[in-house]
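Participant: Next up is a structure, given as C-alpha cells.
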Amino acid sequence: MSHEPTEPRSLHFIEEIVEADRLSGKHGGRVLTRFPPEPNGYLHIGHAKSICLNFGLAKAWGGATNLRFDDTNPVKEDVEYVDSIREDVQWLGFDWKGEFYASDYFPFMYDYAEYLIGQGKAYVCDLSEAEIREYRGNFHVPGRPSPFRDRAPEESLDLFRRMRAGEFADGARVLRAKIDMHSGNMNLRDPLMYRIRRAHHHRTGDAWCLYPMYDYAHGVSDALETITHSICTLEFEDHRPLYDWFLDQDTEGKFFQRPLPRQIEFARLNLTYTVMSKRRLLQLVQEGIVRGWDDPRMPTICGLRRRGFTPESVRAFAERVGVAKRDMVADAGLLDFCIREDLERRAPRRMAVLRPLKVVITNMGDNEAFEVELPNHPEDTTMGTRTMPFTRELFIDHDDFREEAPKKWFRLAPGAEVRLRGACLVTCQEVLKDAAGQVVELRCTWDPASRGGNAPDGRKVKGTLHWVSAVHAIPAEVRLYEPLFSQEDPMDVAEGQDWKTLLNPGSLETLTDARLEPSLGAALPGERFQFERTGYFVVDPDSATGKPVFNRTVGLKDSWVKIEAKG
RNA sequence: UGGGGAGUGGUCUAAUGGUAGGACAACGGUUUCUGGUACCGUCAGGUGAGGGUUCAAAUCCUUCCUCCCCAACCA
C-alpha cells in the first residue's frame with residue numbers, strides 16, 4: 001500500500017545529470033550523495049526537500065547517501081541540534097550510509113592547507129578584518145592585493161604553524177587562498193580559508209584554535225568521502241568556481257580520488273504563509289510566539305510531526321513540488337492536499353464533538369438506549385468496526401445548529417430533521433436558551449423506526465451529523481491550527497513595519513471542552529484519526545490519562561463554507 | 001554601472017525543433033448515512049517582450065525587460 005507516486009515521470013535536470021554520468025561511466029556507475037546540515041538549528045520542510053532529493057537520487061540509482069554535519073563554526077553549533085537532525089532524517093524514512101562530521105577532516109584539511117601554502121596557492125594575511133574588507137573592494141571597484149599576498153611560502157608556512165600552535169590572538173591572522181583580487185566574482189578575491197577562533201568545539205573540544213571556512217571545508221569533505229554529486233541551493237552557484245578551485249589545486253593528485261565531485265544547485269523550497277529562514281524561526285521560538293521548535297504551527301520537521309503529518313505525506317509533497325532552478329514558492333495548500341490524501345485512506349474514523357451543544361431526545365426513555373456499530377473506515381472494511389452508545393442525552397456540534405437556517409442548510413434547525421450518523425433520525429422541536437440568549441440545549445424527538453439511520457418510509461434526509469453520548473463522552477482539549485502568518489509572503493514587509501504585525505492572531509485556537517467518543521480514551525500520543533466531518537487529528541504528547549489533547553493536522557475540505565459565502 | 005542565475009495558466013512542473021501536457025487551486029456535476037472520499041467534466045498559458053532563422057520555435061540566434069543571489073573571519 002505505497003503512497004509514493006510510481007507513475008513514470010520525466011527526469012528533472014539533476015536526474016538527467018546523474019543518468020548521463022551513469023551512461024558515460026564517469027563514476028563507474030557509483031552514486032554517492034550527502035546531506036550536509038550545519039548543526040545550528042532544527043530541520044524544516046525546506047531541508048526535507050533537500051533530504052528527499054539527495055536520498056531519493058541515490059536510492060533510484062542504486063547508490064547511497066552520507067549524513068555529514070558541517071560543523072566548522074563552533075560558536076554557532078551544538079550537539080542538541082545533531083540529535084534532532086538525526087531523528088528528523090530517520091523519521092522521514094531515510095538511512096544514511098556514513099555519519100560524518102566536517103570536523104573529522106580537520107587534520108586532513110590542515111595538511112592540505114600546508115600543501116597549498118607550499119605550492120604558493122595560499123598565504124597568511126595579517127590584515128585586520130576591516131582592512132580585508134576594504135582591500136576586497138566591491139561590485140564596482142576591483143580588489144587590491146594584500147601587502148602579505150606575496151609573502152614567501154616558507155614564511156606563511158611558519159606563521160600558519162604558529163597560528164595552529166596558538167601563538168596569535170583570535171582574528172590576528174588568517175589563511176587566504178591566492179586566487180584573483182580582480183575577479184568579478186567576489187568569492188574569488190582571495191577568500192579566507194582559516195580563521196583563529198578559540199572556541200570549544202562540540203566534537204574536537206579545544207584541540208583546535210583555528211577553524212576552516214565553509215568554502216574550503218565543504219569541497220574537501222565531499223572529495224574525501226568520494227561524493228559523486230554535491231547538491232546544494234542556488235545561492236551557492238557563484239561559489240562553485242571556488243569549490244572546484246580548491247580541489248583542482250591538488251595538481252599532483254596526492255590528496256583526492258578522481259573524478260572529483262560536482263556541485264549542482266537547485267532552487268530552495270519556499271512555502272506560502274510561513275517563513276523558512278533560521279533567523280526568523282529562531283525568533284519565533286525565542287520570543288515565545290510559538291511554544292517551541294516543535295510547535296505544530298512551525299514548518300520544522302518536528303513541528304510537522306507533532307502536527308500529525310506522516311513521513312509519506314512529506315515525501316509526496318517533496319516529490320510534487322519538483323526540482324528546478326527557478327525561485328519558487330509552493331502553495332501551502334499542496335501540503336494540505338498531501339496529508340489529506342495520505343490520511344484519507346489510513347486514518348480510522350471517529351466521532352468527536354468540538355463545541356458541544358446538548359441534545360435531549362424527549363421521546364426516548366433511559367432504558368431505550370442502544371449500541372451503534374460503526375465502520376472504522378467507510379471504504380476499507382478491513383479496518384473493522386467499533387460500537388458507540390446512543391442515549392437520551394447527547395452532544396452535537398454547535399456549528400451544526402442554526403436557529404435561522406440559511407439556504408441549502410442541511411443541518412439542524414428548529415423543525416428540521418437530520419440523521420445522527422449510524423443511529424437514527426431526529427427532529428428539533430424546541431430550543432432552550434440561557435439568560436444571555438445563547439442556545440444551550442435542543443429538545444428533539446427521534447423516530448424509533450429509523451434506528452440504524454434510515455426511515456422505512458424511504459424519506460430523504462440530507463444532513464448527517466456526528467454526535468456523542470453525553471454521559472459516556474470523554475472530555476478533551478482540542479487545538480486547532482491555522483497558518484502562522486496572515487500574509488502569503490511574510491517576508492514582504494513594508495518599510496518601517498514590524499514583520500510580527502503579519503502574524504495571524506488566530507493561528508492557534510484551543511478548545512477546552514471537546515467531547516470524544518469513548519473508544520478515543522485509549523488513544524496513544526502520535527495516533528491519528530479522522531474526526532468525521534471535521535478533520536484529521538493526532539494525539540498530542542501533552543495528553544494525560546483521562547485528559548487527552550488532540551491537534552488538528554488539517555481540516556476536511558469544506559464545501560459548505562463556499563456555498564454559504566456565495567449566499 | 002561588476003559577477004552569477006532564472007523567466008511556461010493563480011501555484012508548482014513537463015515538453016530536449018514537430019498537437020503546449022500533468023498536479024494543486026478554482027468552477028460545475030454524479031455518487032454518498034462524513035457538505036469528506038471517489039468519479040466525470042469545465043475554466044485557465046500561445047511560453048517576459050520585440051526581431052530573426054526554419055515548412056515548423058517554449059526550444060536555435062539576437063536585442064531588450066523583469067526577478068533572484070553575491071561585497072561575514074556565516075553556512
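Participant: Can you pull the percent of Cα pairs in the range A:250-329 with separation above 17 Å?
Facilitator: Values: 1969 of 3160 pairs.
Summing the P(r) tail past 17 Å for the range A:250-329 gives 62 percent.
Participant: Rounded to the nearest 0.05, what FRET efficiency do residue A:252 and residue A:198 have when you use their Cβ-Cβ distance and R0 = 22 Å?
Facilitator: On the way: r = 34 Å, r/R0 = 1.55.
My answer for the efficiency is 0.05.
Participant: Filter the cross-link list A:358/A:407; A:407/A:433; A:462/A:566; A:121/A:254; A:97/A:178 down to pairs whose alpha-carbon distance in this structure exceeds 26 Å. Before the final figure, lay out each step's value.
Facilitator: Numbers: A:358/A:407 24 Å; A:407/A:433 24 Å; A:462/A:566 20 Å; A:121/A:254 16 Å; A:97/A:178 36 Å.
Too far apart for the 26 Å limit: A:97/A:178.
Participant: Given a 1.4 Å probe, how much area per residue of the range A:493-536 is accessible, in Å²? Provide the component values of the computation, followed by the final result.
Facilitator: Numbers: 2160 Å² over 44 residues.
So the range A:493-536 comes to 49 Å² accessible per residue, rounded to a whole number.
Participant: Taking the C-alpha atoms of the range A:51-205, how large are the radius of gyration and the largest Cα-Cα span, Dmax, in Å?
Facilitator: Over the range A:51-205's Cα set, Rg and Dmax evaluate to 19.1, 53 Å.
Participant: Moving on. So what does the Cα-only Debye profile of the range A:187-248 read at q = 0.25, 0.26, 0.27 Å⁻¹, as log10 I(q)/I(0), no solvent term?
Facilitator: These q points yield log10 I(q)/I(0) values of -1.08, -1.11, -1.14.
Participant: Tell me which trypsin sites (Lys or Arg not before Pro) from the range A:376-471 have a DSSP coil assignment and no more than 14 other beta carbons within 10 Å of their own. Spell out each step's value before the answer.
Facilitator: Details: sites: A:386, A:392, A:402, A:407, A:408, A:411, A:419, A:421, A:433, A:443, A:451, A:459, A:460, A:462; in loops: A:392, A:402, A:407, A:408, A:411, A:421, A:451, A:459, A:460, A:462.
Counting only loop positions with at most 14 other Cβ atoms within 10 Å, the trypsin sites (Lys or Arg not before Pro) in the range A:376-471 are A:407, A:408, A:459, A:460, A:462.
Participant: Relative contact order of chain A: what whole-number percent is it, with Cα pairs under 8 angstrom and at least 6 residues apart? Don't jump to the answer; show the numbers that get you there.
Facilitator: On the way: 1078 pairs, mean separation 64.7, N = 567.
Answer for chain A is 11 percent.
Participant: Within the range A:312-341, which residues have the backbone N less than 12 Å from the label spot 7 Å out from residue A:383 along Cα→beta-carbon, could you tell me?
Facilitator: A:341
Participant: Using a probe of 1.4 angstrom, how much of the accessible area of chain A is carbon and sulfur, in percent? Kindly include the intermediate steps, with their values, before the conclusion.
Facilitator: Numbers: 12450 of 25590 Å².
The C+S portion of the solvent-accessible surface of chain A is 49 percent.
Participant: Can you pull a Stokes-Einstein diffusion coefficient for the range A:228-291 at 37 °C (0.692 mPa s), Rh from Kirkwood over Cα pairs, as a whole number of µm²/s?
Facilitator: Values: Rh = 14.9 Å.
In µm²/s, the coefficient rounds to 220.
Participant: Run the helix sum for chain A: -39,500 (n - 2.57) per DSSP H stretch of 4+ residues, divided by residue count, reported at 222 nm to the nearest 500 deg cm²/dmol.
Facilitator: Details: 13 runs with 144 residues, N = 567.
Calculated mean residue ellipticity at 222 nm is -7500 deg cm²/dmol.
Participant: Report, please, the projected area of chain A averaged over directions, based on the convex hull of its C-alpha atoms, in nm². Could the numbers behind the result be given before it?
Facilitator: Numbers: hull surface 132.3 nm².
Average projection, Cα convex hull of chain A: 33.1 nm².
Participant: Report the full-extension gain for the segment residue A:344 to residue A:547: residue separation times 0.36 nm, less the Cα-Cα distance, to one decimal in nm.
Facilitator: Details: separation 203, 0.36 × 203 = 73.08 nm, distance 2.61 nm.
Difference between extended and current length: 70.5 nm.
Participant: Still on this structure, please answer the following. When the chain is fully extended, how far beyond the present Cα-Cα distance does residue A:235 get from residue A:513, taking 0.36 nm per residue of separation? Walk me through the numbers before you get to the answer.
Facilitator: Numbers: separation 278, 0.36 × 278 = 100.08 nm, distance 4.87 nm.
Length gained, residue A:235 through residue A:513: 95.2 nm.
Participant: Same structure again: Just to be sure I follow: if Rg is taken over the C-alpha atoms of the range A:360-478 and Rh is the Kirkwood radius over the same atoms, what is Rg/Rh?
Facilitator: Details: Rg = 14.8 Å, Rh = 15.3 Å.
Rounded to two decimals, Rg over Rh is 0.97.
Participant: Could you state the orientation-averaged shadow area of the convex hull built on the Cα atoms of the range A:306-362, in nm² to one decimal?
Facilitator: Numbers: hull surface 25.2 nm².
Projected over every direction and averaged, the Cα hull of the range A:306-362 covers 6.3 nm².
Participant: So if each residue of separation counts as 0.36 nm, and I subtract the Cα-Cα distance between residue A:139 and residue A:320, what length gain in nm does that give? Working shown, then result.
Facilitator: Working: separation 181, 0.36 × 181 = 65.16 nm, distance 3.82 nm.
So the extension gain works out to 61.3 nm.
Participant: With labels modelled as points extended 7 Å from the Cα through the Cβ direction, what inter-label distance (nm, one decimal) is found for residue A:280 paired with residue A:563?
Facilitator: Here the modelled spin labels are 3.7 nm apart.
Participant: Oh, and also: Can you return the aspartates and glutamates within cross-link range of residue A:76? Criterion is Cα-Cα under 14 Å, with same-chain partners fewer than 8 residues away left out.
Facilitator: A:38
Participant: Could I ask something else about it? Considering only DSSP states other than H, G, I, E and B, which GluC sites (Glu not before Pro) in the range A:248-341 qualify as loop sites with at most 15 other Cβ atoms within 10 Å? Each step should come with its number before you reach the end.
Facilitator: On the way: sites: A:252, A:265, A:287, A:312, A:319, A:341; in loops: A:252, A:287.
Within the range A:248-341, the qualifying GluC sites (Glu not before Pro) (loop, at most 15 other Cβ atoms within 10 Å) are A:252, A:287.
Participant: Once Rh for the range A:93-141 is found with the Kirkwood sum over Cα pairs, what is the Stokes-Einstein diffusion coefficient at 37 °C and 0.692 mPa s, in µm²/s?
Facilitator: For these conditions, the coefficient is 227 µm²/s.
Participant: For a Förster distance of 60 Å, can you work out the FRET efficiency between the beta-carbons of residue A:498 and residue A:434, rounded to the nearest 0.05?
Facilitator: 0.90
Participant: Could you list the square roots of 5 times each eigenvalue of the Cα gyration tensor of the range A:429-567, that is, the equivalent ellipsoid semi-axes, sorted largest first and rounded to whole Å? Can you show the working numbers first?
Facilitator: Working: eigenvalues 247, 101, 57 Å².
Each semi-axis is the square root of five times an eigenvalue, giving 35, 22, 17 Å.
The values are calculated or read from the model by the stated rules, or taken from the named source; none is laboratory data. If you're wondering where the values come from, they're calculated on a predicted model, not measured in any experiment. Virtual Cβ from ideal backbone geometry, glycine too; neighbours counted across all protein chains shown. Accessible surface is based on the protein model in full, side chains and every heavy atom, while ligands, DNA and RNA are left aside. Shrake-Rupley method; radii C 1.70, N 1.55, O 1.52, S 1.80 Å.
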